[in-house]
1. What FRET efficiency would be calculated for the residue pair L89, L153, taking the C-beta separation as r and a Förster radius of 25 Å, to the nearest 0.05?
2. What is the distance, in nm, between label points placed 7 Å from the Cα along the Cα-to-Cβ direction at E34 and at I4?
3. What is the order of V53, V175, fewest Cβ neighbours within 10 Å to most?
4. Quick one: Debye curve from the alpha-carbon atoms of the chain only, equal weights, vacuum; give me log10 I(q)/I(0) at q = 0.09, 0.10, 0.17, 0.19 Å⁻¹ to two decimals.
5. Per DSSP helix of 4 or more residues, -39500 (n - 2.57); summed, then divided by the residues of the chain. What does that give at 222 nm, rounded to the nearest 500?
6. Give me T112, T45 ranked fewest to most by other Cβ atoms within 10 Å of their Cβ, as a rough exposure proxy.
7. Would you calculate the separation in nanometres between label points at R12 and N139, each defined as 7 Å from the Cα along the Cα-to-beta-carbon direction?
8. Divide, for region 103-186, the radius of gyration over alpha carbons by 2.2 N^0.38 Å, where N is the residue count.
Amino acid sequence: MPDITLPLRTERLVLRRFDGSDLDAFHAYHSLPETARFLPGPAKTYTQSMERVGRYANFVFEKEGDWVCLAIEAKGQPGLMGEVVLKWLPGRGQAEVGWTLAPAARGKGYGTEAAAAVMELGFEELGFHRIEARLDELNTASASLCERLGMRLEARFVEKWHYKGQWATEVVYAVLAIEWRATRSR
Ligand SMILES: CC(C)(COP(=O)(O)OP(=O)(O)OC[C@H]1O[C@@H](n2cnc3c(N)ncnc32)[C@H](O)[C@@H]1OP(=O)(O)O)[C@@H](O)C(=O)NCCC(=O)NCCS
C-alpha cells in the first residue's frame, strides 16, 4: 500500500489524523446514546473515548484488518466534527467505509463529503476494487448517505445481529472502483 498523505481536503472540510486534543469533542458526541444507537456497543465512557482517540491517532495502514481513521474538521474552523474510517477487509481489493458526525454537524452534507474523500483515497490512492458499508436497516440516515455516494444496495440479512437489546437486520451497500470513476467523471 502507498503512504497516505494527510490531511485530505475537500470543498468545505479538512480530514486529518486525530490527536489528543480531540478527546473532549470526541467524547461529547460518542457519550450520547443517540450517537451509539447504530454503533456496536453502548455510549462510550470517557476511558473508552480515550482508548479510541489514542487508537485513531496512531493508526497504521499496512495490512488487512487495518483502518484509516480520519478526524473531520470544517476548513478555517478547527475543531472535531466527526470521523470517517476505511477498513482494509480480507480478500483482494476489499474495504469497508464508516462514518459518525456530532449532532451539530449533521444535516449539512459533511458526512457525504468526508466519505466521498475517503472513498476517493481508497480507490485512487490505495487501489481498492470494491468498498462496502454495512448498516442496520433502521439506520435510514446512513442508508441515505450510501445512496448519495452512489452505492448500490446489494444485500439484506434478516436479524443478522443482536445488539441494543434487539435483533437487527443488516443491509450492505457497495460500489466498485470502475463505477465510482464513472459517476465522478459525469
Ligand atoms: C449517519 C450520519 C453520519 C448521517 O449524517 P447526515 O447529516 O444525515 O449526513 P450528511 O452529513 O451526508 O448530510 C446529509 C443531510 O444534509 C443535507 N444537506 C444540507 N446541505 C447539504 C449540502 N451542501 N450537501 C449535501 N447535503 C446537504 C441533506 O439534504 C441531508 O439531509 P436529509 O437527510 O434531511 O435530506 C449521522 O446520522 C450519524 O453520525 N449518526 C450516528 C452514527 C452512525 O449511526 N453511524 C453510522 C453507523 S452505520
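1. 0.85
2. Each label point is offset 7 Å from its Cα along the Cβ direction, giving 2.9 nm.
3. So the ranking, lowest neighbour count to highest, is V175, V53.
4. Log10 I(q)/I(0), no solvent term: -0.31, -0.38, -1.20, -1.51.
5. The helix-only estimate for the chain comes to -8000 deg cm²/dmol at 222 nm.
6. Listed from fewest to most nearby Cβ atoms, that is T45, T112.
7. Label-label distance for R12 and N139, simple model: 2.2 nm.
8. It is 1.18.
Since every read-out is calculated from the coordinates, none of them should be taken as a lab result. Remember, predicted model here, so these are calculated numbers, not experimental data. Ideal geometry is used to build each Cβ from the backbone, glycine not excepted, and the neighbour counts take in all protein chains shown.
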